Amino acid sequence: MNHFMEDHNQTASPLSIETKGKKVVVEATEFYYFPESLQLTVGQPVTLILKNSGQMEHDIEFENMKILLQQNDHGNHAENAGVHVHSLPGKTAEVTFIPIESGVFRFYCTVPGHKESGMVGFARVS
């Protein structure tokens, strides 16, 4: 399966990340994100880089955001999957996706207790 994904990554498409992508870095620490709000565009690929500057593991998950494509550090591709990326302390991780619906979507850390401690933000997609 990895061989197929490698070939797929090399195939040019009208939604090519290299030609139309936006990179967004979100820093996570105890217990907040910086920035805590994001501005995204419908149809524009986004590479979200989660930089964990904290002493604990953190992640980011977007609530109810519909996407067309997702590629994360594991090489996963899916339609209409949720946006989720996880990072260990002192590490970075990334996920690439294309928002396909406008709105305001909450994101938060799914590690138990972190959302309740304030690890919440919002992404406006227009």
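Across segment 18-49, the qualifying residues are those that are open to solvent by less than 40 Å² (accessible area, probe 1.4 Å) and among the hydroxyl-bearing types (S, T, Y), and the one among them that is farthest from S126 (Cα to Cα) is T29.
Against the test of being open to solvent by less than 90 Å² (accessible area, probe 1.4 Å), touching a strand residue (DSSP E or B) at 6+ places or on another chain (Cβ under 6 Å) and modelled with pLDDT under 95, the options N52, N72 yield a single qualifying residue, N72.
The values are calculated or read from the model by the stated rules, or taken from the named source; none is laboratory data. Everything quoted here is computed from the prediction, not taken from an experiment. FYI the Cβ positions are ideal-geometry reconstructions off the backbone, even for glycines, and counts take in every protein chain you see. Remember, those area values only see protein heavy atoms, side chains included, never the ligands or the DNA or RNA. Shrake-Rupley method; radii C 1.70, N 1.55, O 1.52, S 1.80 Å.
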